[in-house]
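Below is one structure; the comments refer to it alone.
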Amino acid sequence: MNSLKYLMTALVMLSFGVSNAQIKNAKTETVKIYGNCGMCETTIEKAGNVKKTTNVDWNKDTKMATITYDAKKTNQDEILKRIALAGYDSDKFLAPADVYAKLPECCQYERVNKPIAKTAQKTETHDHSNHTAITEKQEVNQLKAVFDSYFSLKDALVKSDGNATSAKAKELLNALNAVQMNQLSNEEHTVWMKVMKDFAFDAEHIAETKDVAHQRDHFMSLSKNMYELIKVSKQETPVYYQHCPMANKGKGANWLSKENAIKNPYYGSQMLTCGSTVETIK
């Protein structure tokens with residue numbers, strides 16, 4: 001019996017070693033990922049693993065995961081985000097509340113950290129009321145810099161200024177990196193986890209070029225994802241979701257603006273007022 005146990009252990013270790021050997025530029029790190037059972041192990045490893053790029057080995061007893069990845073193709077954050085989207089918290093990224101709720105009962109581990117609820121409970125005491133106000137303000141401020149940077153980037157595209165657009169995209173990247181996920185509401189957190197990678201991809205491409213046409217291509221998808229995020233966030237003033245039917249080779253494209261007046265970021269002065277407001281977000 002012991003011989004069989006040792007053989008199984010050896011085979012697992014051999015398999016793990018072979019998987020890691022296939023990963024180039026390998027970097028190995030150990031992180032804590034919360035879970036309970038063998039089913040959790042399967043889900044965590046499936047979510048984290050990418051053939052020839054990432055290998056995740058999670059221990060249900062210690063809750064520690066050994067992560068080996070190609071450092072030129074990915075990083076720890078990207079791996080932990082995928083695992084969080086599958087329902088499992090780490091100390092860096094939290095699973096969306098609705099995803100966690102859908103885990104089988106045996107897999108619903110005790111959550112050490114939880115996403116902050118969107119609406120804080122009001123209390124009768126003066127001190128607690130102040131705390132609530134501060135918390136809600138922090139939630140808004142977490143994404144305010146992201147939204148403000150987006151609007152500044154949009155304004156630069158209205159002027160067809162590739163240099164300014166590139167600079168504003170760099171500011172947007174800084175704002176994205178500064179967001180503290182554990183300060184987001186449940187709804188914001190869920191959307192953020194889904195769009196953050198695409199946000200970074202589009203912002204990086206816009207920042208890396210001065211070609212306005214290329215910047216506008218990425219602005220289309222950036223705006224689509226920004227709309228999803230701004231819809232679940234508290235806004236101090238109305239935001240206008242606007243549409244140009246001529247953009248994107250006649251397929252149409254949208255953008256967000258703090259002004260109801262149309263100033264088209266896809267054509268600038270060529271067709272500055274082409275478009276219409278299709279939704280007002282309050």
TODO: Determine, for Ser257, Ser185, the number of other Cβ atoms within 10 Å of each Cβ, and report the residues in order from fewest to most.
DONE: Ser257, Ser185
- [ ] Rank the residues Thr53, Thr277 as a footprinting-exposure proxy: fewest other Cβ atoms within 10 Å of their Cβ go first.
- [x] Thr277, Thr53
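Between Ala178 and Leu272, what FRET efficiency follows from the Cβ-Cβ distance if R0 is 41 Å, with the result rounded to 0.05?
Rounded to the nearest 0.05, the efficiency is 0.80.
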- [ ] Identify the residues of the range 193-226 with backbone N under 14 Å of a label point that sits 7 angstrom from the Cα of Lys170 along the Cα-to-Cβ direction, or state none.
- [x] 204-210
TODO: Rank the residues Glu236, Glu188, Glu279 as a footprinting-exposure proxy: fewest other Cβ atoms within 10 Å of their Cβ go first.
DONE: Glu236, Glu279, Glu188
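Stretch Val99-Asn113 to full length: gain in nm at 0.36 nm per residue minus the Cα-Cα span?
3.5 nm
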Open item on the list: Through the Karplus equation 6.51 cos²θ - 1.76 cosθ + 1.60, θ set to phi - 60°, convert the phi angles of the range 159-166 into ³J(HN,Hα) values in whole Hz; use x for Gly and Pro.
Closed with: 7, 6, 9, x, 5, 5, 5, 4
TODO: Report, ordered by chain and residue number, the lysines lying within cross-link reach of Lys159, taken as a straight Cα distance under 25 Å and ignoring same-chain residues fewer than 8 apart.
DONE: Lys144, Lys168, Lys170, Lys210, Lys224, Lys249, Lys251, Lys258, Lys263
TODO: Work from the charge dipole of the range 141-281 (Cβ charges, +1 for Lys and Arg, -1 for Asp and Glu, about the Cα centre) and give the residue of Thr280, Ala178, Gly268 farthest towards its positive end.
DONE: Gly268
TODO: Return the sequence-ordered ³J(HN,Hα) values of the range 142-149 in whole Hz as given by the Karplus equation 6.51 cos²θ - 1.76 cosθ + 1.60 applied to θ = phi - 60°, using x for Gly and Pro.
DONE: 4, 10, 4, 5, 5, 5, 4, 5
TODO: Please give every one of the aspartates and glutamates within straight-line cross-link reach of Lys231, meaning a C-alpha to C-alpha distance under 18 Å, and leave out same-chain neighbours fewer than 8 residues apart.
DONE: Asp98, Glu136, Glu139, Asp148, Glu187, Glu188, Asp198, Glu259, Glu279
Open item on the list: Can you compute 3J(HN,Hα) from phi for each residue in the range 198-211, using the Karplus curve 6.51 cos²θ - 1.76 cosθ + 1.60 with θ = phi - 60°, rounded to whole Hz and x for Gly and Pro?
Closed with: 5, 3, 5, 4, 5, 5, 5, 5, 5, 5, 7, 10, 10, 6
Open item on the list: Students often forget the sequence filter, so: which lysines lie under 22 Å Cα-Cα from Lys24 once same-chain residues fewer than 8 apart are removed?
Closed with: Lys46, Lys51, Lys52, Lys72, Lys73, Lys81
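Only the coordinates and a few stated rules stand behind these numbers; no lab work does. What you see is a predicted model; the values in this text were computed from it and never measured. With ideal geometry, Cβ positions are generated from the backbone for all residues, glycine too; neighbour counts draw on all protein chains shown.
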